[in-house]
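Here is the structure we will look at.
The values are calculated or read from the model by the stated rules, or taken from the named source; none is laboratory data. Every value quoted in this text rests on a predicted model; they were computed, and no experiment measured them. Just so you know, the surface numbers come from the protein's heavy atoms only, side chains and all, with ligands and any DNA or RNA stripped out. Shrake-Rupley method; radii C 1.70, N 1.55, O 1.52, S 1.80 Å.
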Amino acid sequence: MPDQIDHNKVVVLTGAGISAESGLQTFRDMNGLWNAYSIDEVATPDAWERNPRLVLEFYNERRKKAVAALPNDAHKAIAALEEKYEVRVITQNVDDLHERAGSTKVIHVHGELVKARSTADPSLVYEIGGKEINLGDVCDKGSQLRPHIVWFGEEIHNHELSIDHIRTAGKVLVVGTSLTVYPAAGMVTEAHQQAEKILLSLDIEQRPYGFHCMQGKAVDLVPTIVRRWMEAGAAT
Ligand code: NAD
């Protein structure tokens, strides 16, 4: 049976592009992080085995930048949608700018920089804010802590939950993602046939079926879309 659409529900799927105007680099843009670091050296389980110090340094640096960044008008507009809609933000980002902008239901599929977790027991997750993780920092069971980040080759977090939300949303807004990192990128194809579906990005790299695509900066485009949706209100 097809999923029941909920016109009062908005799902916003975001990627690195939404945080670009907050000063955080995207991965794949011209100035993307991966031009300076090799994925293999810092963002895979193998890298952690080989050189945990380098991996920790890389994420300590990124955490420092992320906590110093501020939410921009796109993050804030998305948070404001909660005044009228049931909103779920599903983000590939590891920063916490959605939360700091005021969004209350944020699902992180690629992990969070402000958390650390045990290498022995993945259920042991700790809030660390802007603090570094260093070699020798251990969990309650005495094992080394690692970044609470989904590395390439690892299973993404909250996948089923995210798909359930996308399938039932009356409106789906995709912002600032190249839709190249799977399986997160594949989730957009789960949107309901009758949902209003919009993709906003600086470069439109993928045009998922049924999506209206708009090219530009998130800080300019997101507030415009949100204003329109707020004026229209939630359909019944
Ligand atoms: P990506 O770098 O592959 O794609 C970024 C997209 O955003 C591109 O399509 C680009 O055209 C667009 N973009 C750039 N500036 C923009 C702007 N000002 N407004 C609107 N769009 C803009 O990033 P991705 O698709 O999120 O996927 C790659 C991985 O990057 C993810 O796994 C994610 O975890 C990770 N990442 C997260 C952060 C963060 O947390 N802030 C930063 C870098 C990378």
Amide H partners (placed H, <5 Å) of Val174, local residues excluded: Leu13, Ile198, Leu199, Leu200
Rg to Rh quotient for segment 79-140, alpha carbon positions, Kirkwood Rh: 1.07
Pairs from Lys65/Lys115; Lys65/Lys141; Lys115/Lys197; Lys9/Lys115; Lys64/Lys105 whose Cα-Cα separation, in the structure shown, is over 21 Å: Lys65/Lys141; Lys115/Lys197; Lys9/Lys115; Lys64/Lys105
Span-like helix ranges in the chain, DSSP H, alpha carbon extent 18 angstrom or more, Kyte mean at least -0.5: 218-232
Translational diffusion coefficient (Stokes-Einstein; Kirkwood radius from C-alpha pairs) of segment 1-111 at 37 °C, 0.692 mPa s, in µm²/s: 211 µm²/s
Carbon/sulfur fraction of accessible area - the chain, other protein chains in place, 1.4 Å, %: 48 percent
Calculated log₁₀ intensity ratio I(q)/I(0) where the Debye formula runs over C-alpha points of segment 89-183, q = 0.11, 0.13, 0.24 Å⁻¹: -0.38, -0.52, -1.34
Kirkwood Rh in Å, taken over all unlike Cα pairs in segment 148-236: 14.2 Å
Rg followed by Dmax, in Å, when the chain is reduced to its Cα trace: 18.0, 55
Accessible-area order (highest first, 1.4 angstrom probe) of the listed residues Val172, Val181: Val181, Val172
Heavy-atom SASA rank of Phe58, Phe152 (probe 1.4 Å, accessible area, largest first): Phe152, Phe58
Heavy atoms of Leu161: accessible area, 1.4 Å probe, square angstrom to 10: 80 Å²
Hull volume in cubic angstrom per residue (convex hull over the Cα atoms of segment 50-96): 79 Å³
Equivalent ellipsoid dimensions for segment 189-236 as semi-axes, Å, which come from the Cα gyration tensor, largest first: 19, 17, 5
Per residue, in Å², the accessible surface of the chain once ligands and nucleic acids are set aside, probe 1.4 Å: 49 Å²
Within the chain, helix-based [θ] at 222 nm, where runs of 4 or more DSSP H residues each add -39,500 (n - 2.57), nearest 500: -8000 deg cm²/dmol
